[in-house]
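Notes follow once the structure below has been shown.
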Amino acid sequence: MANQNLISLEQDDRIEAAAARLSMDRREFLQFCAALATTLGLPQGADAAVAEAVATKKRPSVIWLHFQECTGCTESILRAEHPTLEKLILDVISLDYHETLFAAAGHQVEAARKTAMAENKGKYILVVEGAIPTRDNGIYCKIGGKTAIELLTECAADAAAVIAIGSCASWGGMPSTDPNPTGAKGVDKVLGKPVVTIPGCPPNPYNFLSTVVHFLTFGALPAVDHLGRPKFAYSRLIHENCERRAHFDAGRFAMEFGDEGHRKGHCLYKLGCKGPETYANCSVIMFGDAGAGTWPVACGHPCIGCTEQGVGFTKPIHTVAKLKNIEPSAFLPRIVEEKGVGASLGSAAVLAAVAGAAAGAGAMVAKNLGLSHKAEEMEQAKKEGSKATESTEV
Amino acid sequence: MTTRRDFLRGCLASGAAAASAVLPETACARDTLKRPPEGLGLLYDATLCVGCQACVAACKQVNENPAEFTAMDKLWDTPLDTTGHTFNLIKMYRNGTMETKDSELNGFSFMKTSCMHCADPSCVSACPVSAMTKNPETGIVGYDPDACIGCRYCVAACPFGIPKYQYDSPTGKIGKCELCRHRHKDGHYSACAEVCPTGATLFGRTEDLLAEAKRRLALKPGEWTTIPRGRLRPAQEKVLAGGEDGKGQKHRHGWRDEPDQSYQAQVGNYLQHVYGETEYGGTQVLKLSAVNFQKAGLPDLPPKSSAATSETIQHTLYGGLIMPIAVLAGLTWVAKRNVVPEDDDQKGGKS
């Protein structure tokens, strides 16, 4: 934590050891830590803190529970490839209970869970994958004779932090879709308290990993929004950073799969893309580690809004999204735009002076006009005598 | 010798003559014109508009208009009003903190500004050379730069401030929306409606659009309903007469094939008024809004058009040249009364 300089860690033995443990060379390991710090949106220098934490801290014990799910979240994390993440899952954290990855079975594995919980009481991280059935006292999902509700309550009691991974654990996900026969609910509803949620179907593995490493580095979970989603990953709509956004703003849309607009990479909004109502960082960090252009929208399929309750698995794919980012743009003109600026004091003074001079001059001219007319008349009168006054009377 | 009494009597007589000539004329005063039955137009729904300005960009593109800069950096097309080079613009009503969309208080709302294609357009009435014309079939108010003499009467006449003159050019023209009539022959309709992502701008026959607007007004705010996008198809799609070619011959064709774009959206909190249904005898572009139309920049207009009023007055006064002849007669009579022959007594030289 103390070390804020990545260069100074170059020669550090601990870093060497950690890199060797993860089957990476030293540079690869430091690059990986820097990438994690970037995903978290941490300031400069935090990469060193992350590297130091990963290298030196005791691996946090993780207990991973599976309920109503498809194991997609686990599969997604296992398939993250830069760098070999399964190494990290097994070596950076101490995965003490995971039904998919454990070779052991039956009472043996249940005993492992109990041991880990007792040994790391109050220190372990509980990760929950899958929704929890609540109807009929939760009998629709049982492990080792215990219902999901019982298991979750038991494991959460002494956990340092609870992380709900995937949309099912976060808000019910696919199992909670109407008519929801098992009464599937998210972790927070069952525990009755807010937990960190990493929604997505599956979620981006780096969002989960970054959350864990944040906990490891700083001893606390990252800042979350009102739904428990880490702000570094879920504070922006997919639409806001979408690579096809310019096409939306210019009104260029794919109207049908395979039409000209679709082939040209136009916006998928009219095909039902849920990017404008889905908070996630897919459009920023992509998905699947297969290089650029490898996330659903880039591949030509509209976003289905898998992270968002009420959107994913609820709204049909072709249904048009409700734009959540309608903002009063500063660029748009007012109904009546003020044109020009008001008179300044100087210009008003000059104008007043000119007006005054003109008025004065006008008055003087008028005065003189009268005088000259009078003078003319006098002259006329002199010439023509009394006749002149008579003739003007007609 | 002319006395004041004589003069006034003369005026009265010529006035009466003029009035008697006028009376039969007033019986055939011009009524406010109606929309043509197959008239085309747009329906703009402010509650659906998201302010993306795709319509502004598309309008510029298809009408080959340049960007207009009002900011120092000259990066974005930011016209403050419709101009000779900006035929369509999204403006924004702003109030207080601008928190809520479509709220008059502490809210904001968008409003499209473009030609309303009036049933009885003032610009057409004011134009002295028929450069502004209203197509009897489509009802599109079109502009012919070859006929235009550049007097800009249309600019002054329009109650919506739509026709604008290109002051930047020595051979300036009037710029205004013509519903993309130059694209109709290719089966394209108004570009603003073609690109609108939410169907806030909808193209179609005005009669169909009016029915659609009234359907929306009858729904409960917040209710889900089907909102068409792009072009409103009447229940029984007819082959509509499209644009015109240069020779004035009508093409009979439909619009370009397009997939049905209608979608489910929530009904806005509308004011119970379709702007353009009756204003000045109706307009072919209709508007729905949740914010007071006057606050959104649309004038409160009576059902009788100003074109009807002014043309009634003008055509009455000038009908059969009665009024000019009467006035000339009156003036001649007054002048004659005041003329004193040269050989008369020198005293009478002035009146």
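The values are calculated or read from the model by the stated rules, or taken from the named source; none is laboratory data. None of these values were measured; they are calculated from a predicted model. Quick reminder, even Gly has a Cβ in these numbers, built from the backbone with ideal geometry, and neighbours come from all protein chains shown.
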For the subset of the range A:252-266 comprising residues that are over 19 Å from A:Leu237 (Cβ atoms) and at the interface with another protein chain (Cβ under 10 Å from one of its Cβ atoms), which member is surrounded by the most Cβ atoms within 10 Å (Cβ to Cβ)?
A:Arg252
Within the range B:45-59, is there a residue that is at pLDDT below 95 and acidic (Asp, Glu)?
no
Flagged pairs (Cβ under 6 angstrom, 6 or more apart or on separate chains; first in the range A:371-386, modelled with pLDDT of 75 or more; second not charged (D, E, K, R)) are A:Gln380/A:Ala388; A:Ala381/A:Ala388
Check off (1) under 30 Å from A:Val311 (Cα atoms); (2) buried (at least 20 other Cβ atoms within 10 Å of the Cβ) for A:Met117 and give me the number that stays unchecked.
(1)
Look at the range A:259-289 and say how many of its residues are of a type in the set (A, V, I, L, M) and in contact (Cβ under 8 Å) with a residue 60 or more places away in the chain.
2
Filter the range B:150-168 down to the residues that are more than 19 Å from B:Ala307 (Cβ to Cβ), surrounded by fewer than 21 Cβ atoms within 10 Å (Cβ to Cβ) and touching a residue at least 40 places away in the same chain (Cβ under 8 Å), then identify the one that is farthest from the chain's Cα centre (by Cα).
B:Asp168
Cβ-Cβ under 6 Å, sequence separation 6+ or interchain: first residue in the range B:193-207 and more than 11 Å from B:Gly230 (Cβ to Cβ), partner outside any loop (DSSP other than H, G, I, E, B). Which pairs?
B:Ala200/B:Asp45; B:Thr206/B:Gly41
Please count how many residues of the range B:31-46 are of a type in the set (Ser, Thr, Tyr) and either closer than 22 Å to B:Ser289 by Cα or within 14 Å of chain A (Cβ to nearest Cβ) (or both).
1
Number of positions in the range A:267-321 that are surrounded by fewer than 22 Cβ atoms within 10 Å (Cβ to Cβ) and at positive phi:
9
Checked B:Gly172, B:Gly187 against criteria (surrounded by fewer than 16 Cβ atoms within 10 Å (Cβ to Cβ), more than 20 Å from the chain's Cα centre (by Cα) and away from every other protein chain (no Cβ under 14 Å)); the one match is B:Gly187
Residues that are of a type in the set (A, V, I, L, M), out of contact with any strand residue (DSSP E or B) (no Cβ under 8 Å at 6 or more places or on another chain) and closer than 28 Å to A:Gly122 by Cβ, drawn from the range A:41-75
A:Leu42, A:Ala46, A:Ala49, A:Val50, A:Ala51, A:Ala53, A:Val54, A:Ala55
Failed item in (1) away from chain A (no Cβ under 14 Å); (2) not in a helix (DSSP H, G or I), with B:Ser109 passing the rest
(1)
Being within 14 Å of chain B (Cβ to nearest Cβ) and either assigned to a loop (DSSP other than H, G, I, E, B) or over 30 Å from A:Val187 (Cα atoms) (or both), is that true of even one residue in the range A:346-353?
no
Hey, could you check the range B:199-221 for residues that are in contact with a helix residue (DSSP H, G or I) (Cβ under 9 Å, 6 or more places away or on another chain) and not in a strand (DSSP E or B) and say which is nearest to the other protein chains (Cβ to nearest Cβ)?
B:Gly199
So if I check each of A:Phe313, A:Phe331, A:Phe287, which one is aromatic (Phe, Trp, Tyr) and within 14 Å of chain B (Cβ to nearest Cβ)?
A:Phe331
What do you reckon, is B:Ala58 in a loop (DSSP other than H, G, I, E, B) and assigned by TED's automatic domain parsing to the domain that holds B:Tyr263?
no
Please state which of the following conditions B:Cys49 fails to meet, knowing it meets all the rest: (1) buried (at least 23 other Cβ atoms within 10 Å of the Cβ); (2) away from chain A (no Cβ under 14 Å); (3) assigned to a loop (DSSP other than H, G, I, E, B).
(2)
With A:Phe218, A:Phe248 as the choices, which residue is among the aromatic types (Phe, Trp, Tyr) and within 13 Å of chain B (Cβ to nearest Cβ)?
A:Phe248
A:Ser167, sole failed condition from (1) at negative phi; (2) more than 23 Å from the chain's Cα centre (by Cα); (3) among the polar types (S, T, N, Q)
(2)
Condition (residue is in contact with a strand residue (DSSP E or B) (Cβ under 6 Å, 6 or more places away or on another chain), assigned to a loop (DSSP other than H, G, I, E, B) and within 9 Å of chain A (Cβ to nearest Cβ)) applied to the range B:66-83: is it met by at least one residue?
yes
Scope the range A:20-34; condition part of a helix (DSSP H, G or I) and in contact (Cβ under 8 Å) with a residue 12 or more places away in the chain; matching residues
A:Arg21, A:Arg26, A:Glu28, A:Phe29, A:Leu30, A:Phe32, A:Cys33, A:Ala34
